[in-house]
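Down below is the structure, laid out as structure tokens.
Derivation of every value follows stated rules applied to the coordinates shown; laboratory data play no part. What you see is a predicted model; the values in this text were computed from it and never measured. Glycine also receives a Cβ, built like all others from the backbone with ideal geometry; neighbour counts cover every protein chain displayed.
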Ligand SMILES: NC(=O)c1ccc[n+]([C@@H]2O[C@H](COP(=O)([O-])OP(=O)(O)OC[C@H]3O[C@@H](n4cnc5c(N)ncnc54)[C@H](OP(=O)(O)O)[C@@H]3O)[C@@H](O)[C@H]2O)c1
């Protein structure tokens with residue numbers, strides 16, 4: 001795709017959010033970073049810009065505005081916060097790809113993801129919910145990222161995004177119909 | 001977020017509250033900042049954009065890197081590379097924002113699903129495309145059979161709002177004149193009054 005896509009990352013100042021932000025800047029993306037503390041998010045922007053001066057990345061205070069501007073939204077918040085964020089952004093994410101990185105067991109990289117996409121899809125019924133779980137510890141290189149969701153076009157978009165971020169995308173199946181396939185086990 | 005979209009829709013085809021809600025789920029709200037692209041030449045155009053707020057233009061770029069504007073879109077108008085949208089072939093136009101804008105996008109899949117399931121959406125689409133066709137005919141006639149001065153006056157009469165919001169060189173491009181020619185015409189017209 002030639003047209004630059006805008007990705008909003010919610011929870012960008014966290015450890016996952018920070019890592020995702022810098023890896024996505026390898027691609028043709030413009031990033032809008034949000035979090036609960038703007039000053040913390042701004043630190044991530046500054047750090048990223050030290051590495052890539054021309055990076056199109058900026059911190060935004062208003063998550064709703066940032067998601068309104070976005071083509072794709074990434075939720076890098078703790079699992080328990082997903083519902084709160086979903087409630088806030090619901091009206092501006094219609095038909096957009098919303099990726100959740102959250103695991104039911106935070107920090108467990110290969111926690112079972114059964115039903116996670118289905119849950120997110122229920123929270124955001126008119127968005128295209130996709131879950132991505134990556135396991136950097138399998139020893140395979142590049143590391144695999146498991147992708148689950150119901151919308152074929154969204155899975156394609158997310159596969160490209162995940163490759164850009166340096167992972168090998170593995171489409172693990174439809175999110176709501178075959179939940180067991182989304183478990184992050186090879 | 002969708003106020004103007006539904007206002008215009010209802011003018012063409014009145015909707016019940018229920019139908020409006022049903023259509024709303026298919027719409028993508030999107031903000032675009034000034035100078036940002038909605039579409040770049042070479043990509044497949046994946047949506048039709050309705051302008052809730054702001055202004056956009058569609059243009060091609062020739063071998064001398066001159067921009068040739070094919071269409072403007074202000075509040076209440078629709079803009080797209082329709083050929084690319086309908087065929088899936090790469091777009092020949094660029095579409096970007098002349099002002100910070102709020103759009104309502106209809107993706108290809110949403111468009112097709114609504115055509116299948118919501119008869120009023122099909123009527124709305126037919127009316128939109130008929131309107132665009134008439135505007136296109138009129139535009140071609142003006143370009144092939146009017147003098148430069150007539151073309152400019154026609155534009156001002158037809159689109160007084162655009163003339164106020166868009167720089168002169170873009171208006172020149174839209175009506176197929178060089179900026180120098182347009183500036184001469186404007187001088188002549190203002191001294192003739
Ligand atoms: N998919 C994977 O492979 C993978 C790998 C690792 C982790 N994860 C998941 O990623 C998620 C984040 O983990 P992490 O280690 O990065 O946690 P973290 O370091 O605690 O980061 C969470 C971030 O979210 C922000 N936040 C919390 N509540 C928020 C809200 N309501 N609105 C906006 N921002 C909010 C936090 O901001 P404050 O600190 O200012 O509150 C923080 O910046 C977890 O769900 C974890 O399971 C996934």
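Data for the structure
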quantity: Most mobile listed residue (A:168, A:50, A:30) in chain A, GNM with C-alpha springs under 10 Å; calculated: A:50
quantity: Packing-based order for B:141-152, B:170-181, using average beta carbon neighbours within 10 Å, highest first; calculated: B:170-181, B:141-152
quantity: Global form of region A:6-171, assessed from the alpha-carbon gyration tensor, a/c cut-off 1.5; calculated: rounded
quantity: Relative contact order of region B:104-193, pairs being alpha-carbon contacts under 8 Å that are 6 or more residues apart, as %; calculated: 18 percent
quantity: CD proxy at 222 nm, helix term only [per DSSP H run n ≥ 4: -39500 (n - 2.57); per residue of chain A; nearest 500]; calculated: -9500 deg cm²/dmol
quantity: Residue order, fewest to most surrounding Cβ atoms within 10 angstrom, among A:117, A:10; calculated: A:117, A:10
quantity: Within a Gaussian network of chain A (alpha carbon springs, distance under 10 Å), most fluctuating of A:43, A:96, A:128; calculated: A:43
quantity: On Cα atoms only, tilt of B:179-191 relative to the major axis of chain B in degrees; calculated: 70 degrees
quantity: Prolate/oblate/rounded label for region A:1-92 (Cα gyration tensor, a/c 1.5); calculated: oblate
quantity: Overall form of region B:50-114 per C-alpha gyration tensor (a/c, 1.5; a/b vs b/c); calculated: oblate
quantity: Chain B: most fluctuating residue of B:19, B:99, B:41 per GNM, C-alpha cutoff 10 Å; calculated: B:19
quantity: Number of partner chain Cβ atoms within 10 Å, mean per residue of B:25-38; calculated: 4
quantity: Helix B:3-12 vs. chain B, principal-axis angle (Cα, 0 to 90°, nearest 10); calculated: 90 degrees
